[in-house]
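Read the structure below first, then the notes.
The values are calculated or read from the model by the stated rules, or taken from the named source; none is laboratory data. Just so you know, these numbers come straight off a predicted model, no measurement behind them. No Cβ is skipped: glycine too gets one built from the backbone with ideal geometry, and neighbour counts run over all protein chains shown.
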Amino acid sequence: MHLGILQCDDAVPVLHDTPDYPDMFMTLLRQADPNLRFSVWRCHENTLPTGVNDADGWLITGSRAGVNDDRPWIEPLAHFVRTLWQAQRPVAGICFGHQLIAHALGGQVTRNPQGWGVGVARYAPLAPEQAPAAPHRHHWMQPALPEMHLIVSHQDHVDRLPPEATRLAGNDFCPNFMFEAGGCFLGIQGHPEFPADYAAGLMNARRGIIPDDRIEAGLASLKGPINGDTVARWIVQFLRQAQGRSKAPAASPGNDCTTSAAA
């Protein structure tokens, strides 16, 4: 499978040899599937793919920018996301990418009134009966986790899901932490790609921006379990499942990969 990485920022150089975001994702996802191939588009520098067929599936990275910021590259990227949706191509969005999917499909992203989320957050995936609109999730959310522990770094969140989306995980701090839409789009607020030392360096670099007590709690949380490798498997399995469904003959019109034909 050929994945197109839609890069939305450069990593903050908080380590002696900080890998850039695409490198973090390539390292992580190749642990789940060594046969993956990658191409990178630096969207934050106004470089976009020529079309939806430039890759088999897509991954949208995080960013220091917010989807509501007045940046000249954000709306063209949102337009491309809508084009991917119309073509029913497999897409996963991480942090900013998760929020951009929601924004592009008609959801709402706002500043979280509870402040910054940093460190390792715990979220219990919804039981199948709580997300009946996502009937195929049990195929790709394997191995199953009763509770996932993911590194987070965000102050915005998806306040309202798009009409087509189904919530897969959330809590009082971030109700829409994880969602899917149409069996083809997956959004995750957390950062499975972040190494713990990068997350620690990022928190320390933001002292004076993030309250000290929240940073100290976030740093302490890095000593516990982190499920980035398992969530990476979920992402790859979701994208492969979506790719297979998008190649199936169309049975009826509608925004669902289970019924949409693609080349």
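Values as computed for the structure displayed
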item	result
Which numbered condition D20 fails, given (1) under 23 Å from V67 (Cβ atoms); (2) surrounded by fewer than 17 Cβ atoms within 10 Å (Cβ to Cβ); (3) touching a Leu at 6+ places or on another chain (Cβ under 8 Å)	(3)
Of the criteria (1) more than 18 Å from A78 (Cβ to Cβ); (2) at pLDDT 95 or above, which one P132 fails	(2)
Failed criterion for L77 (all others in (1) in a loop (DSSP other than H, G, I, E, B); (2) buried (at least 17 other Cβ atoms within 10 Å of the Cβ) hold)	(1)
All positions within the stretch 103-129 that are more than 30 Å from D69 (Cβ to Cβ) and either touching a Pro at 6+ places or on another chain (Cβ under 9 Å) or at pLDDT 95 or above (or both)	A124, P125, P128
Long-range neighbours under 7 Å by Cβ, at least six apart or interchain, first residue within 26 Å of F80 (Cα to Cα) and without any contact (Cβ under 8 Å) to a residue 60 or more places away in the chain within the stretch 8-26, second among the polar types (S, T, N, Q) and buried (at least 21 other Cβ atoms within 10 Å of the Cβ)	P22/Q7
Unique match (being farther than 22 Å from A200 by Cβ and in contact with a strand residue (DSSP E or B) (Cβ under 9 Å, 6 or more places away or on another chain)) among G93, G51, G62	G93
Any hit, the stretch 204-215, residues being modelled with pLDDT of 95 or more, aliphatic (A, V, I, L, M), more than 18 Å from W85 (Cβ to Cβ) and touching a helix residue (DSSP H, G or I) at 6+ places or on another chain (Cβ under 9 Å)	yes
Test: residue in the stretch 82-92 that is surrounded by fewer than 16 Cβ atoms within 10 Å (Cβ to Cβ) and either farther than 19 Å from Q241 by Cα or β-branched (V, I, T) (or both)	yes
Single match in I226, I235 (criterion: under 16 Å from G93 (Cα atoms) and among the β-branched types (V, I, T))	I235
Some residue of the stretch 183-206 being of a type in the set (S, T, Y), under 22 Å from D69 (Cα atoms) and touching a residue at least 40 places away in the same chain (Cβ under 8 Å)	no
Yes/no for L3 being in contact (Cβ under 8 Å) with a residue 60 or more places away in the chain and over 17 Å from the mean Cα position of the chain (by Cα)	no
Those residues of the stretch 2-48 which are small (G, A, S) and out of contact with any strand residue (DSSP E or B) (no Cβ under 6 Å at 6 or more places or on another chain), in sequence order	A11, A32
Extreme residue, farthest from H191 (Cα to Cα), among residues of the stretch 97-112 that are of a type in the set (A, V, I, L, M, F, W, C) and either surrounded by 24 or more Cβ atoms within 10 Å (Cβ to Cβ) or free of Cβ contacts under 8 Å to residues at least 60 places away in the same chain (or both)	A104
